[in-house]
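Taken together, the values in this text are just the output of simple stated rules run on the coordinates, not laboratory data. Since the structure is predicted, the reported quantities are computational estimates derived from the model, not experimental observations. Heads up, the Cβs are rebuilt from the backbone with ideal geometry, glycines too, and the neighbour counts pull from every protein chain shown.
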Amino acid sequence: MNNIIHISPNKRLLNRWYPQEVFCVLIVTIDAEGARMDLYLFRLLLKAKEVPDLFEVRAPDNSPLSREDWLKFFFSREQEFWHYRSKFVFIPETKISVPDKPNLIFGYIARERRVHERTPPEEGLQPTEHLSWQAAFLALDPTDRGDDGQKVAIELNQEIGKPKALLNSIVRTLNQQDGAPYFTQAFPLVGHGSFWEFAVAHNNQIVSITFDVAAPNMFRGVDDFQEELRNLRDGENVANVKSTLESDTILKHGTPRMEGIVNYVESGGGELAAEAADGAKYSSTSHEVSETRDIEHHTRNERQFLREIAYWLDKVFP
């Protein structure tokens, strides 16, 4: 039986909106028998609303909340949310401490399950059932730390659900909060070079590329593509850009503009799909960044888990 922790890196590691912030989510999978954890990374992007809600959540001094403060406000509290018509809950965890990273937030995504078993032999091995709670671990860095800020880690527990889908449900609930000052999106980090490997494997005969990206404002390195996205965000109040580039023959996919699109998607800014002339298809969502490590599971030895996960997360959130 697998007990898994969800964090979000992949195995291949109405209103006018103001600049948006980027955050990253990590999702972890743990095998209880082998004490193995898989981490999946995502990035969150927050876009401030141009026209605040009537009851917008604000700081105690009535000033607008920063993106960091808004994430802290949401994830520091118990939150109920719906995922595929089932009720889930996020519960903060306060017993983890990572040296020199006091702003990290931790918790568990949990759901109730009915377990069908039999009574002991002395009770006749009669069918019985009871309620049990399964949980997936989550870690979040809400701070803006350059190109690698705003990360979330979620544990992959097959009894709970897939990290990306869970994160999308949490983000949906975040956006539906009364007075939410930001609109949040989540995208996985993508394995570096996975698109270029696909292109080379198919003789660089790329005929179409489709991308769906969010306008940035956290990444420090600015290329022409990101600058165009920022201009659309600030000038036309654009939150997302979706486009398909096609050629009547073969796309010139090695240009600086195309490299900018791919690099932005790899950093967690969106999703990308491509098709080669031979019909082969590429999807960035098949190359989500993940890491694996042997670690004690939180359902077996919590004290050891808290110690080991703190050490690991110090590496995940450098």
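For the range 77-115, which GluC sites (Glu not before Pro) are in a loop by DSSP, counting at most 14 other Cβ atoms within 10 Å? Each step should come with its number before you reach the end.
Values: sites: E78, E80, E93, E112; in loops: E78.
In loop regions of the range 77-115 (DSSP not H, G, I, E or B), the sparsely surrounded GluC sites (Glu not before Pro) are E78.
Distance between Cα centroids, the range 102-145 to the range 245-315: provide it in whole Å.
28 Å
Across 5 Å bins from 0, what is the distribution of all Cα-Cα pair distances for the range 194-286, in whole percents?
3, 14, 26, 24, 17, 10, 6, 1
Quick one: which of K49/K162; K87/K164; K47/K95; K49/K72 span more than 23 angstrom between C-alpha atoms? Show your work: numbers first, answer last.
Details: K49/K162 30 Å; K87/K164 17 Å; K47/K95 31 Å; K49/K72 18 Å.
Checking Cα-Cα distances, K49/K162; K47/K95 exceed 23 Å.
Sorted by packing (mean other beta-carbon atoms within 10 Å per residue), highest first, where do 119-125, 297-303, 205-211, 81-87 land? Intermediate values should be presented prior to the final figure.
Details: 119-125: 8.7, 297-303: 15.6, 205-211: 18.9, 81-87: 11.9.
My ranking of the peptides, most packed first, is 205-211, 297-303, 81-87, 119-125.
Rule-of-thumb check for the range 73-175: C-alpha Rg over 2.2 N^0.38 Å? Walk me through the numbers on the way to the answer.
Numbers: Rg = 17.4 Å, N = 103, 2.2 N^0.38 = 12.8 Å.
For the range 73-175, the normalised Cα radius of gyration is 1.36.
What spacing in nm lies between the two simple spin-label points modelled at T128 and E112, each 7 Å away from Cα in the Cβ direction?
Result: 1.9 nm between the two label points.
Could you work out how much longer the chain between N240 and R145 gets when fully extended? Use 0.36 nm per residue separation minus the Cα distance between them, nm to one decimal. Before the final figure, lay out each step's value.
Numbers: separation 95, 0.36 × 95 = 34.20 nm, distance 2.29 nm.
So the chain would gain 31.9 nm between N240 and R145.
Rounded to the nearest 20 debye, what is the charge dipole size of the range 194-286 about its Cα centre when +1 sits on each Lys and Arg Cβ and -1 on each Asp and Glu Cβ? Provide the component values of the computation, followed by the final result.
Details: 7 positive and 15 negative charges, 26 e Å.
Charge dipole of the range 194-286: 120 debye, to the nearest 20.
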